[in-house]
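Quick notes on the structure that follows.
The values are calculated or read from the model by the stated rules, or taken from the named source; none is laboratory data. Everything quoted here is computed from the prediction, not taken from an experiment. Cβ atoms come from the backbone with ideal geometry, glycine included; neighbour counts cover every protein chain shown.
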Amino acid sequence: MRKDATAARTPSDAQPYNLQLREERLRVEKREEQAGTVEVGTRVREHTESRTVPLREERLVIERTPASGRAVAGDTQIGEGETVEVQLMKERVQVSKETVVAEEINIRKESLEHQEQVQATVRREELLVDGDSDVVEERGTGTARTDQAQAREKARRD
């Protein structure tokens, strides 16, 4: 309390003087800020695949066997120009590609919540009473009861 006589006010019976005790309280607020940027895209990678494919092809087989030597019945002449045409088939590999969906990707944002402990030093004003403590009586249950007032109350009770 200041001892300056010009600054001190004296309460009267008609006009009591109110003194307010102030304190700081921790106020915690949140704000959004950008945490980062993520780009998601695709790229093409190439690799070589091999497959073993069994292929079939036809061959002409000519087998000769000795004949019995007997006579042929009828009018059969030896002549030229008798031919037999045989078509031979084979399989050939044909490679093609098709595009299929190998995997589906779902992209979304998700909000997660976590707890973070914050701490700061706050201040508060306390009432100081200086002078004859015999003539001072504090009443009420204010949250800012001074150590002096608690000591005076204890002394009165004892």
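Have a look at 53, 44, 38 and point out the one that is in a loop (DSSP other than H, G, I, E, B), over 30 Å from residue 93 (Cα atoms) and among the hydrophobic types (A, V, I, L, M, F, W, C). Outline the logic, then answer.
Details: 53 fails: over 30 Å from residue 93 (Cα atoms); 44 fails: over 30 Å from residue 93 (Cα atoms).
After applying the criteria, what remains is 38.
Collect the residues in region 8-63 that are touching a residue at least 12 places away in the same chain (Cβ under 8 Å) and either under 30 Å from residue 85 (Cβ atoms) or touching a Leu at 6+ places or on another chain (Cβ under 8 Å) (or both), keeping them in residue-number order. If the condition is that a residue be touching a residue at least 12 places away in the same chain (Cβ under 8 Å) and either under 30 Å from residue 85 (Cβ atoms) or touching a Leu at 6+ places or on another chain (Cβ under 8 Å) (or both), then 19, 21, 53, 55, 56, 57, 58, 59, 60 are the ones that fit. Of the residues making up region 117-134, those that are surrounded by fewer than 10 Cβ atoms within 10 Å (Cβ to Cβ) and not in a loop (DSSP other than H, G, I, E, B) number 1.
In region 83-102, the residues that are surrounded by 10 or more Cβ atoms within 10 Å (Cβ to Cβ) form Cβ pairs under 7 Å with partners that are in a loop (DSSP other than H, G, I, E, B), at six or more places apart or across chains, as follows: 91/55; 91/56. Considering only region 76-89, I want to know if a residue exists there that is under 30 Å from residue 110 (Cβ atoms) and either of a type in the set (D, E, K, R) or at pLDDT 85 or above (or both). No, region 76-89 contains no residue that is under 30 Å from residue 110 (Cβ atoms) and either of a type in the set (D, E, K, R) or at pLDDT 85 or above (or both). Residues in region 95-118 include at least one that is under 30 Å from residue 60 (Cα atoms) and at pLDDT 75 or above.
Residues checked against (1) within 36 Å of the chain's Cα centre (by Cα); (2) hydroxyl-bearing (Ser, Thr, Tyr):
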{"position": "95", "(1), (2)": "no, no"}
{"position": "99", "(1), (2)": "yes, yes"}
{"position": "102", "(1), (2)": "yes, no"}
{"position": "130", "(1), (2)": "no, no"}
{"position": "135", "(1), (2)": "no, no"}
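How many residues, within region 135-158, are surrounded by 10 or more Cβ atoms within 10 Å (Cβ to Cβ), modelled with pLDDT of 65 or more and either β-branched (Val, Ile, Thr) or assigned to a loop (DSSP other than H, G, I, E, B) (or both)? Matching residues across region 135-158 total 4.
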